[in-house]
Amino acid sequence: MEMESILIVDDDINLCTVLSEELNEVGYNSNFVTGAEAAIEYIEGGKKVDLILLDLKMPEKDGFYVLRTMKEKNIEIKVIVLTAYADVKSAIDSARLGATDFISKPYDLDELIITISKVLNTEKYED
Ligand SMILES: [Mg+2]
């Protein structure tokens, strides 16, 4: 079976590096970009992305920009929002823009992995 590809989008490069390693260790193929526009470029570049882990708070364009742009362009990739700015309004706004789930930082790795596998399995069953 082909490895599932995860794109981490977060302006915190340390988080990207650590999380990417953690996900690769449990069998995902994860990559990261540190900005919203880079995320759209990556997605449109045609590399396989099964799931996006998206930070909301980033300088210049933020996570909502990524969600809005994906919606406009009909890019249907599952998104888990991963942010320190976890509040009810952000969760509602990101869900309205198509995010599947919402996890607050600092993340609990086990919880995150359970959520990722849940979201990816759901996608498989829907196909
Ligand atoms: Mg951030």
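Tabulated data for the structure shown
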read-out	value
Net charge over other residues, Cβ less than 10 angstrom from the Cβ of residue 3 (K, R count +1; D, E count -1)	-2
For residue 102, residues with placed amide H under 5 Å, excluding near neighbours	81
Candidates per GluC sites (Glu not before Pro) in the range 1-77, loop by DSSP, up to 13 other Cβ within 10 Å	2, 60, 76
Listed residue (45, 33, 113) projecting farthest to the positive dipole end of the chain, Cβ model	45
Gyration tensor verdict on the range 1-84 (Cα atoms; rounded if a/c is under 1.5, prolate if a/b is larger than b/c, oblate otherwise)	oblate
Point-charge dipole on Cβ atoms (K/R +1, D/E -1) for the range 5-120, about Cα centre, debye to 20	460 debye
Residue-span extension gain [residue 92 to residue 47] - 0.36 nm each, minus C-alpha spacing	13.3 nm
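All of the numbers you see were taken from the coordinates with simple rules; none came from a lab. In this text the structure is predicted, and so the values were computed from the model without any measurement. Positions of Cβ are generated from backbone atoms using ideal geometry, with glycine treated the same way; all protein chains shown enter the neighbour counts.
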